[in-house]
Amino acid sequence: MISIEKNTDFNFTAIRAIAKEVWPIAYGSILSKPQLDYMMKMMYSIDSLQLQADKKKHQFILAIENGFTLGFASFELSFGETKKTKIHKIYILSIHQGKGIGKKLIDYIETEAKNHHQEALLLNVNKCNIAKYFYKKLGFSIDLEVVVDIGNGYVMDDYVMEKVL
């Protein structure tokens, strides 16, 4: 049985391992190798993840089965001082995708959001990422398009998707 648990590893070992495996598959045909490398370091170094958890108040959760981490997500309640919860990350190991793990993670986040009187969930997804269809299936809709400068000459060309609670 898959359980959803809060991350307690301040080295983010499982999270970093999953990102390292999933990112090249998810984004290899969308982003250049130099941009992938830049974003991995920017978002998944231990220092960056600790900053996200400590200063930015991102909560990291893990999907675990038989002691093995299959996926993770991070979210932030009251994003930008709104009553919206932002899902910053959600990734499942490739061999475990399609088994309902992503839905379990989002259901957990939705429950947390409702418990904190949030009005909506929101997330960014690359316009070319097929995950947008997964989010639509779960009730998210495209709210707007954004181009986010992430430094080093790179941008994220995303949809902002929202699900009203």
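Of (1) over 25 Å from Gly139 (Cα atoms); (2) in contact with a Leu (Cβ under 7 Å, 6 or more places away or on another chain); (3) open to solvent by 60 Å² or more (accessible area, probe 1.4 Å), Lys103 satisfies all except one. Which?
In the conditions (1) over 25 Å from Gly139 (Cα atoms); (2) in contact with a Leu (Cβ under 7 Å, 6 or more places away or on another chain); (3) open to solvent by 60 Å² or more (accessible area, probe 1.4 Å), Lys103 misses (1) alone.
Please enumerate the residues belonging to segment 93-108 that are on the phi < 0 side of the Ramachandran plot and of a type outside the set (D, E, K, R).
The answer is Leu93, Ser94, Ile95, His96, Gln97, Ile101, Gly102, Leu105, Ile106, Tyr108.
Have a look at Val147, Val125 and point out the one that is exposed (fewer than 15 other Cβ atoms within 10 Å of the Cβ) and modelled with pLDDT of 95 or more.
Only one candidate qualifies: Val147.
Among the numbered conditions (1) assigned to a strand (DSSP E or B); (2) more than 14 Å from the chain's Cα centre (by Cα), tell me where Lys56 comes up short.
(1)
Being polar (S, T, N, Q) and over 15 Å from Ala63 (Cα atoms) is the filter; apply it to segment 78-100 and report the residue that is surrounded by the fewest Cβ atoms within 10 Å (Cβ to Cβ).
The residue in question is Thr82.
Quick check on segment 65-77: of everything there that is assigned to a strand (DSSP E or B) and open to solvent by 20 Å² or more (accessible area, probe 1.4 Å), which residue is nearest to Met42 (Cα to Cα)?
Per the criteria, the residue is Glu76.
Please verify whether segment 82-100 includes one or more residues that are more than 12 Å from the chain's Cα centre (by Cα) and farther than 28 Å from Gly139 by Cα.
No, segment 82-100 contains no residue that is more than 12 Å from the chain's Cα centre (by Cα) and farther than 28 Å from Gly139 by Cα.
Does Tyr38 meet the test of being open to solvent by 20 Å² or more (accessible area, probe 1.4 Å) and among the aromatic types (Phe, Trp, Tyr)?
So Tyr38 fits the description; yes.
Here are some residues: Asp47, Asp9. Which one is acidic (Asp, Glu) and either more than 30 Å from His116 (Cα to Cα) or part of a helix (DSSP H, G or I) (or both)?
Asp47
Filter segment 7-32 for residues that are polar (S, T, N, Q) and either open to solvent by less than 60 Å² (accessible area, probe 1.4 Å) or over 16 Å from Asn129 (Cα atoms) (or both) and give the result.
Of everything in segment 7-32, those that are polar (S, T, N, Q) and either open to solvent by less than 60 Å² (accessible area, probe 1.4 Å) or over 16 Å from Asn129 (Cα atoms) (or both) turn out to be Asn7, Thr8, Asn11, Thr13, Ser32.
Please determine whether any residue of segment 112-120 is open to solvent by less than 30 Å² (accessible area, probe 1.4 Å), over 23 Å from Glu21 (Cα atoms) and not polar (S, T, N, Q).
The answer is yes; a qualifying residue exists.
The values are calculated or read from the model by the stated rules, or taken from the named source; none is laboratory data. What you see is a predicted model; the values in this text were computed from it and never measured. For neighbour counting, all protein chains shown are included, and Cβ atoms are generated from backbone atoms with ideal geometry for every residue, glycine included. Heavy atoms of the whole protein, side chains included, go into the accessibility calculation; ligands, DNA and RNA do not. Shrake-Rupley method; radii C 1.70, N 1.55, O 1.52, S 1.80 Å.
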